[in-house]
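Undergrad: Input: one structure, supplied below.
The values are calculated or read from the model by the stated rules, or taken from the named source; none is laboratory data. Note that the coordinates shown come from a computational prediction; the quantities given were computed from them, not determined experimentally. Positions of Cβ are generated from backbone atoms using ideal geometry, with glycine treated the same way; all protein chains shown enter the neighbour counts. Just so you know, the surface numbers come from the protein's heavy atoms only, side chains and all, with ligands and any DNA or RNA stripped out. Shrake-Rupley method; radii C 1.70, N 1.55, O 1.52, S 1.80 Å.
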Amino acid sequence: MSDLDSKSTPKTAVITGASSGFGYATAKKFAAAGWKVIALARRLEKLESLKQQLGQEVCQIREFDVTKQNDIDNFRRWLADEAIQVDLLVNNAGLALGLEPAHKAEQEDWYTMIDTNIKGLIAMTRALLPRMVEANTGHIINIGSIAGSYAYPGGNTYGASKAFVAQFSLNLRADLAGTAIRVTNIEPGLAETEFSVVRFHGDQAKADSVYQGVQPLTADDIAESIFWSANLPPHVNINRIEVMPTCQAFAPLTISK
Ligand code: NDP
Ligand code: 8X3
């Protein structure tokens, strides 16, 4: 392929959790810049509306659950059958469930977070990485969280799952040394999406109160960080980006008397 051809071939991004929040905004951002987007999530009707906005030439959608190995295997086979080379995998699908202290938290919620934020993310990576390595091109952008670095009450398993994402991202870099594959972990702080509605099991009023009186990050702010990381020259690897709204900072350590 000549330089001219490679410049005119649109790149392809696979985005998990593209039905709302960061994933949705990221799909729109990349599509506007001429990328092809493969948008994955469980809620097909939300993906349909994304596809309608972006056009079917640009956006392919798939009802997809990152916790289902079958969905991942079928997707990997489909990519190979269609000879689609993935330039960017955004491992964004994830969730927090509950904000109770550990001794009151629902164990099922913990398992769901582990299945989605950890097992889903590693399974997607394991499925798509071999063809990236084979072609010696590609980029994996994981969506971690500041909760993976800083403990807060009720963060328990959610924060731990994002700490996993941080270390897994670094370890991927170690394994991929000598290849052209890039790995980035983006660690947002408070951002207004469906995140809190999900965390509080559909309690919209409780979710709204999280963002009342402050200016949180927006999904577009994070899409911008993802886009910037992905569009730097190939010799530049952003290892991690920690991004908070200005209104958020660090609590002092607690001393109980
Ligand atoms: P949203 O709830 O708006 O979006 C989460 C997305 O993940 C949805 O598209 C949802 O789609 C998808 N998803 C959840 N479970 C699954 C699953 N099993 N399979 C496939 N898709 C799934 O929240 P955000 O956009 O805020 O969250 C995106 C990521 O950012 C998450 O990993 C979250 O932990 C992280 N994050 C969020 C922050 C915030 O304050 N908002 C801050 C730091 C990190 P569907 O339900 O249709 O499957
Ligand atoms: C979500 C960010 O600060 O709500 O990952 O834990 S925070």
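Undergrad: Condition first: out of contact with any strand residue (DSSP E or B) (no Cβ under 6 Å at 6 or more places or on another chain), within 12 Å of ligand 1 (Cβ to nearest atom) and open to solvent by less than 60 Å² (accessible area, probe 1.4 Å). Now tell me which residues in the stretch 219-234 satisfy that.
TA: The answer is Ala219, Ala223.
Undergrad: Go through (1) free of Cβ contacts under 8 Å to residues at least 60 places away in the same chain; (2) closer than 26 Å to Lys68 by Cβ and name the single condition Thr193 misses.
TA: Tallying (1) free of Cβ contacts under 8 Å to residues at least 60 places away in the same chain; (2) closer than 26 Å to Lys68 by Cβ, Thr193 fails exactly one: (1).
Undergrad: Working only within the stretch 172-213, note down all residues that are away from ligand 2 (no atom under 11 Å from the Cβ), open to solvent by 80 Å² or more (accessible area, probe 1.4 Å) and either farther than 14 Å from Ile141 by Cβ or among the aliphatic types (A, V, I, L, M) (or both).
TA: Listed by number, the residues that qualify are Asp175, Gly178, His201, Gln204, Lys206, Gln212, Gly213.
Undergrad: Would you be able to tell me the number of residues in the stretch 103-123 that are in contact (Cβ under 8 Å) with a residue 40 or more places away in the chain and either farther than 18 Å from His201 by Cβ or touching a Cys at 6+ places or on another chain (Cβ under 9 Å) (or both)?
TA: 6
Undergrad: Sort out which residues of the stretch 96-113 are open to solvent by 60 Å² or more (accessible area, probe 1.4 Å) and in contact with a Ser or Thr (Cβ under 6 Å, 6 or more places away or on another chain), and write them in order of number.
TA: Scanning the stretch 96-113 gives a single hit, Trp110.
Undergrad: Same structure, new question: Taking the stretch 23-60 only, how many residues are open to solvent by 40 Å² or more (accessible area, probe 1.4 Å) and within 24 Å of Arg77 (Cβ to Cβ)?
TA: The total comes to 10.
Undergrad: Taking the stretch 149-171 on its own, how many of its residues are crowded, with 21+ Cβ neighbours inside 10 Å and under 14 Å from the mean Cα position of the chain (by Cα)?
TA: So the count comes out to 4.
Undergrad: From the residues in the stretch 62-77 that are touching a residue at least 12 places away in the same chain (Cβ under 8 Å), of a type outside the set (D, E, K, R) and open to solvent by 40 Å² or more (accessible area, probe 1.4 Å), which one is farthest from Ser19 (Cα to Cα)?
TA: Step by step, filter the stretch 62-77, then rank; the result is Gln69.
Undergrad: Moving to a separate point now. Within the stretch 30-67, restricting attention to residues that are in contact with a Pro (Cβ under 8 Å, 6 or more places away or on another chain) and either within 22 Å of Ala127 (Cβ to Cβ) or not in a loop (DSSP other than H, G, I, E, B) (or both), which residue is nearest to ligand 2 (Cβ to nearest atom)?
TA: Residue satisfying both the conditions and the ranking: Trp35.
Undergrad: How many residues, within the stretch 121-159, are polar (S, T, N, Q), within 19 Å of Val210 (Cβ to Cβ) and in contact with a strand residue (DSSP E or B) (Cβ under 8 Å, 6 or more places away or on another chain)?
TA: Residues in the stretch 121-159 being polar (S, T, N, Q), within 19 Å of Val210 (Cβ to Cβ) and in contact with a strand residue (DSSP E or B) (Cβ under 8 Å, 6 or more places away or on another chain): 1 in total.
Undergrad: Does any residue of the stretch 70-84 turn out to be within 23 Å of Thr184 (Cβ to Cβ) and among the charged types (D, E, K, R)?
TA: yes
Undergrad: Could you please give the count of residues in the stretch 116-127 that are within 15 Å of Val86 (Cβ to Cβ), touching a Leu at 6+ places or on another chain (Cβ under 8 Å) and open to solvent by 10 Å² or more (accessible area, probe 1.4 Å)?
TA: 0
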